[in-house]
1. May I ask for log10 I(q)/I(0) of the stretch 269-343 at q = 0.13, 0.14, 0.15, 0.19 Å⁻¹, from a Debye sum over the Cα atoms as equal point scatterers with solvent left out?
2. In a GNM of the chain with a 10 Å cut-off on Cα contacts, which of Ser263, Ser239, Ser47 has the highest mean-square fluctuation?
3. Can you give me the Cα centroid spacing of the stretch 203-279 and the stretch 46-112 in angstrom?
4. Compute the orientation-averaged projected area for the stretch 236-366 from the convex hull of its Cα atoms and round it to one decimal in nm².
5. Magnitude of the Cβ-charge dipole of the chain, K/R +1 and D/E -1, about the Cα centre, nearest 20 debye?
6. Starting from the eigenvalues of the Cα gyration tensor, five times each then square-rooted, give me the equivalent ellipsoid semi-axes of the stretch 25-77, largest first, whole Å.
7. Would you mind checking the radius of gyration and Dmax of the stretch 33-130 based on alpha-carbon positions, in Å?
8. Using only the alpha-carbon atoms, what does the stretch 115-245 span along each of its principal axes? Please give whole angstrom values in decreasing order.
Amino acid sequence: MTADAQAAPEASADPEFADDLETDVSFGLEEINEVLAELIDGQAERSRRDADILRLRLGVSGARPETLARIGARYDLARDRVRQLHTRSVGQMLRETQLSGSRLAAFTRRYPLRARDPALTRALLVETYATETDLVGNELAYLKLRLAGHPPEDAKRVAGYVMQRIMAWQKKTNRRLAKLHDAGALATSQVNSWLGHVDWPGGKAAALPIRSARTIDGDDDGRGRFYLDKVGRDVRFDSALQARLLQTLNASALVDTFQEHPSAITFDLDGAEQVTYPTIAARFTDGRVALIDVQPLGHVGFHVNRAASAAARAHAHGNGWGWLVWTGSHIGIPELLHRKVDAHLGARLQELLDRGPVFWPAVRQLRDETDLDLLDFTALVLRNEWRWDRAPFLLRPGDSATTTAALSAPPSPRRQR
């Protein structure tokens, strides 16, 4: 890696540079995650708790990365102790990888040793944005580069650039908000297109909550914050994708008010109780309310997210609210359900499933033989109600608890931006 100037590379774009995640969804990131999950599984042989902390913090299961405070609450540990355990586990994982002589080809291909800092910074920013992993942008960037073979000092420098760009973007957002009134017409058009995707129930909508349900980590330093005049206060967010949604709702004339993370919703995941905090509840000027959750386009097919969505939808409809998964793309779940996919690809995957659970090597081989892309794969998962687990990859027939048909409304002809 070339040692560039010590300032963050100006050639790197802000996390907001893509207005649609469609082009950033690929099997490449899933391959990186699969290898990372295998390495974390190796840590579980030493300490199941420490391996779980890594999974939760890095978001390898497909759910959002968790703050140190939330992880600490799970295990009755102080935030600093969670940080220490996480750092120690990452160090052990890197040492064991080096001692084994493993050549992590997926990482070296994606983050080449000869690549210059601006190119690496941009690539890692794109991944952070597309996977909603801003909370751990520094940790993931450093780990990926080290696994690719970059020296510690180079990996630390580039990971620092990634976080500098994310933090600079968050600071500039407040200045940009002053100009959002000029973009009100565009925001209203965008919100109007989303309304066609909302799964509306019957009945009268319950009142909006007056405060966030996230109390354990509401003031976490890793989260972004900006002042939104529509609600007259600072609003917290975890990612640039969430910030995009908040900015659009704040500027749209169709939106009366909103509350971020309005509900803590419990759901069952393989016998263990989990909790999800949908991103926002918005009340529109016609009096209707919709519960909206940000889920990156490449993540909507994961079992953990579908289970969370089923519980959140039931909660929303119980309150007389609509339900919407916003993917950061004009492609939403309805479009994926109606996506045209080569019938041969579906038949090949069904043949694999008929023989038993399908693991990553089989899907990678099918991808190499047929040019199967991740959006087509996700569409097939949703349409056939297969269960797709991540970390490690596992595909199998699904169950009725996460029926896709219950998670989305019919597709709208208008584009979601």
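1. Debye output, listed in q order: -0.44, -0.51, -0.58, -0.86.
2. Checking each option, the largest mean-square fluctuation is seen for Ser47.
3. Using only Cα atoms to place each centre, the spacing works out to 27 Å.
4. 10.3 nm²
5. Result for the chain is approximately 760 debye, rounded to the nearest 20.
6. Each semi-axis is the square root of five times an eigenvalue, giving 22, 15, 5 Å.
7. 14.8, 44
8. Here the Cα extents, ordered largest to smallest, are 59, 35, 28 Å.
The values are calculated or read from the model by the stated rules, or taken from the named source; none is laboratory data. Note that the coordinates shown come from a computational prediction; the quantities given were computed from them, not determined experimentally. Cβ atoms come from the backbone with ideal geometry, glycine included; neighbour counts cover every protein chain shown. Surface accessibility is based on the protein's heavy atoms, side chains included, excluding ligands, DNA and RNA. Shrake-Rupley method; radii C 1.70, N 1.55, O 1.52, S 1.80 Å.
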